[in-house]
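Single-structure report; data block below.
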Amino acid sequence: MMNFKINFHIFLTFVLPSLLFLTVIPSGYAQESENSQQKSNFWSHVHFGGGLGLSVGSGYSNIMVAPSAIYEVNDYFSTGLGAQYSYVSSRDYFNSHLYGLSLIELFNPIPEAQISVELEQLRVNNTYTQFNPEIKDNFWNTALFLGAGYRADNVTVGIRYNVLYKEANNVYSQGWMPFVRVYF
């Protein structure tokens, strides 16, 4: 029950305000457009991107899809939402389905540098197949990534750290994670 309270608190604190921001801003622009007979430029500030991943080996598979969208508030700050689905399988050992949402905040103090904060909430469904009967481990995992990267146009390459990382969660193998972020 406590985990639900923490997750609900995170939802109220971070996700709900961003959802409201992303829904109120377009309607405000739409009203302005109706009143002034000009087209809204909201969508010119929205950028889509995300990540795709595929890793296969001898008895191992990892497939990941993570679309996202950000709203460029100004030249220095962007905010957005992302979704993620991952399937990981190791033959005769385990398989895992992970899915969830993330809140993304990007800060560009200079055009070449990007600082990021990403709050991620994932549902994790692990099945350990090496045991008879199989063991299922299903839980929610919250990650808070703080990152920095080098940016060139719409591509950023960097590293991020999950400040909420716990080895016992069986989600990420370590707290540090390199990233490549692309938005169009």
In whole percent, the Cα-Cα distances of segment 45-183 spread across 5 Å bins from 0 upward as 2, 9, 17, 22, 18, 13, 9, 5, 3, 1, 0, 0
A correct fewest-to-most ranking of Phe145, Phe42, Phe131, Phe77 by other Cβ atoms within 10 Å would be Phe131, Phe77, Phe42, Phe145
Taking placed amide H atoms and a strict 5 Å upper bound, the residues 5 or more places from Leu164 or on another chain that come that close are Leu144
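Do any GluC sites (Glu not before Pro) in segment 35-143 lie in a DSSP loop with no more than 14 other beta carbon atoms within 10 Å, and if so, which?
Working: sites: Glu72, Glu105, Glu112, Glu118, Glu120, Glu134; in loops: Glu112, Glu134.
In loop regions of segment 35-143 (DSSP not H, G, I, E or B), the sparsely surrounded GluC sites (Glu not before Pro) are Glu112, Glu134.
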Taking the alpha-carbon centre of each part, the distance from segment 65-96 to segment 149-163 in Å is 14
Sequence order, segment 106-115: Karplus ³J(HN,Hα) from phi using 6.51 cos²θ - 1.76 cosθ + 1.60, θ = phi - 60°, Hz rounded, Gly and Pro as x, gives 10, 10, 10, x, 9, x, 8, 10, 9, 10
Counting only DSSP loop positions in segment 97-184, the trypsin sites (Lys or Arg not before Pro) whose Cβ has at most 16 other Cβ atoms within 10 Å are Lys166
For Val73, other-chain or 5+-apart residues with amide H closer than 5 Å (H placed, Pro excluded) are Ser78, Thr79
If R0 = 35 Å, then Ser61 and Ile110, at their Cβ-Cβ distance, give a FRET efficiency to the nearest 0.05 of 0.30
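Since every read-out is calculated from the coordinates, none of them should be taken as a lab result. Just so you know, these numbers come straight off a predicted model, no measurement behind them. All Cβ positions, glycine included, derive from the backbone under ideal geometry; neighbour counts span all protein chains shown.
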